[in-house]
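Have a look at the structure below, then the notes.
The values are calculated or read from the model by the stated rules, or taken from the named source; none is laboratory data. A quick note: this is a predicted structure, and the numbers were derived from the prediction, not measured. Here the Cβ positions follow ideal geometry from the backbone for every residue, glycine too, while neighbour counts run over all protein chains shown.
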Amino acid sequence: GDGLGTSVPNGGNSSSMGGDSGLRASFSEGGARSGVSDQPWFLAIEQATEATAMDAIADLTKVVMDLRRDLEEDMENLAFHSAVAKIENGSKLLEADGKERYFVMESDLVKKCQSGKSVSYRFFLFSDQLVYTHRAFSGEYKVHKQLLLSVLRCEDIDDNPTAFRILHPLKSFAVTAESPQAKTQWVRVLSQTANTARPKPSELNLDEGASSEGPEPQTEEEDLERRSSIILTENERRSSVNL
């Protein structure tokens, strides 16, 4: 990303644009090699004089910024598909129910189970939900639970440098990160992402749960389960309740 941004400064001196034939030749050779010599911005550089140099630079800067934005979007898309590919039946996450979903981060966190045993899980944070998983024999990560971020909160544990709490109507628990730095990152990013995922008052739809497939949910918890569980089937949700 930064490499693209550093390709502009040498063209920033307007006094050199009109008289430096070497610079013009360099653009010409590069354009011929890369197949962009017929592009408007390239022709503007080729034909630039001192009077038009700043306009040519502005056009080139816009092209570079557009390329940088496209590259960042491609990298985000690649990261999303890479994360989804690791999760068993993760392709269902590609179906965003009309909402844009993107990948944020992933790492191992140690979770205290109801049995009292501490188990390491792989946590995947997406823009609208937190998914925690364990690695199956197939090498893929099998989902234990999906938690909608719109009703999730993250809470620090002051007396433990690596632990924090995840609070959700369906499931709340403490987790331990591998380092204080990893904990700080998780608390900050998870809190920010959850805040962004919360609907604004104008976006609230009280009938949202009733429009989904299946019988009308009897409780708020059932509604949350249904809207959260993009990957898990109903039987899988029941079997994972104590994990």
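Things to note:
- If the condition is being among the hydroxyl-bearing types (Ser, Thr, Tyr) and either assigned to a strand (DSSP E or B) or not assigned by TED's automatic domain parsing to the domain that holds Ala182 (or both), then the range 106-155 contributes Ser107, Ser118, Ser120, Tyr121, Tyr132, Thr133, Tyr141.
- For the range 126-147, the set of residues classified as surrounded by fewer than 21 Cβ atoms within 10 Å (Cβ to Cβ) and closer than 16 Å to Val189 by Cα consists of Ser127 only.
- In the condition set (1) under 22 Å from Pro199 (Cα atoms); (2) in contact (Cβ under 8 Å) with a residue 24 or more places away in the chain, Leu167 is compliant with all but (2).
- Among the residues of the range 107-139, those identified as within 21 Å of Val151 (Cα to Cα) and β-branched (Val, Ile, Thr) are Val131, Thr133.
- When Ala96 is tested against (1) surrounded by fewer than 13 Cβ atoms within 10 Å (Cβ to Cβ); (2) under 14 Å from the mean Cα position of the chain (by Cα); (3) modelled with pLDDT under 75, just one condition goes unmet, and that condition is (1).
- Residue among Val104, Val110 that is surrounded by 15 or more Cβ atoms within 10 Å (Cβ to Cβ) and either farther than 23 Å from Met75 by Cα or not β-branched (Val, Ile, Thr) (or both): Val110
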